[in-house]
Amino acid sequence: MKLCIISGSTREDAASCHVAEYLKSQLTEISPNGETSIFDLAQLELPLWQEGMDETVVSEQKQQLANADGFVFVVPEWHGMVPPAVKNLFFLFGNVFKHKPAYIVGVSSGTGGRYPIVEMRASTYKNSMINYLPISTVLDKVNTVISKQGEYIAEKDFMKRRLDEGLRFLIEYSKAFIQIRESEIAKESRFANGL
Ligand SMILES: Cc1cc2nc3c(=O)[nH]c(=O)nc-3n(C[C@H](O)[C@H](O)[C@H](O)COP(=O)(O)O)c2cc1C
């Protein structure tokens, strides 16, 4: 089973990327036979979607996402919102998320991190048909929890236990959703823009 962790910050040395590294190491520990990749929006510098654009310029990135059975979205709170580069993913690659589960981790260096979770749930699922897990995690004061080396540094395991729980559920959902994608109704693929 393949999982992909999307680091939603386009900033260099972003906390979201450090969190993604940490989550990748946790996934490897929880599920040694699984395959986990990181899709780092700071490294990839994807073009802003334009109508009629040459989509072959992003075909490699599309394939990486298409290969995944499930996703973690590590989404920083910027001006109380999801960064535009994360929304852009749904314009560039909407179909790759179809009938796949995703676990959202909202990130803030302060006491934020909640708004991105609500925004992802409210506005990204309709045409993409992504399925967000009912559980998500707010990682506020992130620099006191995950180091720049992607290590868990908080004194208490409070956040570690919550992140592990989210990852474990993501693994189980990802296994189960393979069956949904292989069903007749999913293959018929009617109502491309939702019901
Ligand atoms: C443009 C911008 C706007 C931000 N707005 C917020 C905000 O509204 N709420 C908040 O808690 N943190 C805000 N932050 C701080 C982020 O929480 C902080 O950068 C954190 O490290 C997560 O983002 P990163 O992954 O880009 O590092 C903002 C950061 C940037 C760059």
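The values are calculated or read from the model by the stated rules, or taken from the named source; none is laboratory data. Given the structure is predicted, the values throughout are model-derived calculations rather than measurements. Here the Cβ positions follow ideal geometry from the backbone for every residue, glycine too, while neighbour counts run over all protein chains shown. Side chains are part of the model used for accessible areas, which takes the heavy atoms of the whole protein and leaves out ligands, DNA and RNA. Shrake-Rupley method; radii C 1.70, N 1.55, O 1.52, S 1.80 Å.
For region 134-146, the set of residues classified as of a type outside the set (S, T, N, Q) and either under 10 Å from VAL107 (Cα atoms) or crowded, with 21+ Cβ neighbours inside 10 Å (or both) consists of VAL138, LEU139, ASP140, LYS141, VAL142, VAL145, ILE146, listed by residue number. Each residue in region 17-26 was checked for being within 16 Å of the ligand (Cβ to nearest atom) and open to solvent by 50 Å² or more (accessible area, probe 1.4 Å), and 2 pass.
Take GLY110 and tell me if it is part of a loop (DSSP other than H, G, I, E, B) and within 19 Å of GLU77 (Cβ to Cβ).
Working: part of a loop (DSSP other than H, G, I, E, B): yes; within 19 Å of GLU77 (Cβ to Cβ): yes.
When the stated conditions are applied, GLY110 passes them.
Taken over region 60-109, the criterion of being surrounded by fewer than 16 Cβ atoms within 10 Å (Cβ to Cβ), within 14 Å of the ligand (Cβ to nearest atom) and not aliphatic (A, V, I, L, M) is satisfied by HIS79, GLY80, PRO84, SER109.
One line per residue, one yes/no per condition, for (1) open to solvent by less than 10 Å² (accessible area, probe 1.4 Å); (2) away from the ligand (no atom under 15 Å from the Cβ); (3) in a helix (DSSP H, G or I); (4) not small (Gly, Ala, Ser):
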| residue | (1), (2), (3), (4) |
| --- | --- |
| ARG11 | no, no, no, yes |
| THR28 | no, yes, yes, yes |
| ASN33 | no, yes, no, yes |
| GLN43 | no, no, yes, yes |
| MET53 | no, yes, no, yes |
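The set of residues from region 152-183 being part of a loop (DSSP other than H, G, I, E, B) and surrounded by 12 or more Cβ atoms within 10 Å (Cβ to Cβ) comprises ILE153, ALA154.
Restricting to region 134-151, count the residues that are in a loop (DSSP other than H, G, I, E, B), of a type in the set (Ser, Thr, Tyr) and either within 15 Å of the ligand (Cβ to nearest atom) or under 16 Å from TYR22 (Cα atoms) (or both).
Of the residues in region 134-151, the ones in a loop (DSSP other than H, G, I, E, B) are 134-136, 140-141, 145, 147-151.
With of a type in the set (Ser, Thr, Tyr) added as a condition, the list becomes 136, 147.
Then drop every residue that is not either within 15 Å of the ligand (Cβ to nearest atom) or under 16 Å from TYR22 (Cα atoms) (or both), which leaves 147.
Within region 134-151, residues that are in a loop (DSSP other than H, G, I, E, B), of a type in the set (Ser, Thr, Tyr) and either within 15 Å of the ligand (Cβ to nearest atom) or under 16 Å from TYR22 (Cα atoms) (or both) number 1.
Mind checking whether some residue in region 121-133 is surrounded by fewer than 22 Cβ atoms within 10 Å (Cβ to Cβ), at pLDDT 95 or above and within 16 Å of the ligand (Cβ to nearest atom)? There is no residue in region 121-133 that is surrounded by fewer than 22 Cβ atoms within 10 Å (Cβ to Cβ), at pLDDT 95 or above and within 16 Å of the ligand (Cβ to nearest atom).
Contact annotation: residue pairs with Cβ atoms under 6 Å, 6 or more positions apart or on different chains, pairing a residue in region 125-137 that is touching a residue at least 40 places away in the same chain (Cβ under 8 Å) with a partner that is assigned to a loop (DSSP other than H, G, I, E, B) and loosely packed, with under 15 Cβ neighbours inside 10 Å, are LYS126/GLY194; ASN127/ASN193.
Test VAL118 against the stated conditions and say whether it is at pLDDT 95 or above, within 16 Å of the ligand (Cβ to nearest atom) and either of a type in the set (Ser, Thr, Tyr) or closer than 15 Å to SER16 by Cβ (or both).
Details: at pLDDT 95 or above: yes; within 16 Å of the ligand (Cβ to nearest atom): yes; either of a type in the set (Ser, Thr, Tyr) or closer than 15 Å to SER16 by Cβ (or both): no.
Considered against the rule, which asks whether it is at pLDDT 95 or above, within 16 Å of the ligand (Cβ to nearest atom) and either of a type in the set (Ser, Thr, Tyr) or closer than 15 Å to SER16 by Cβ (or both), VAL118 comes out as no.
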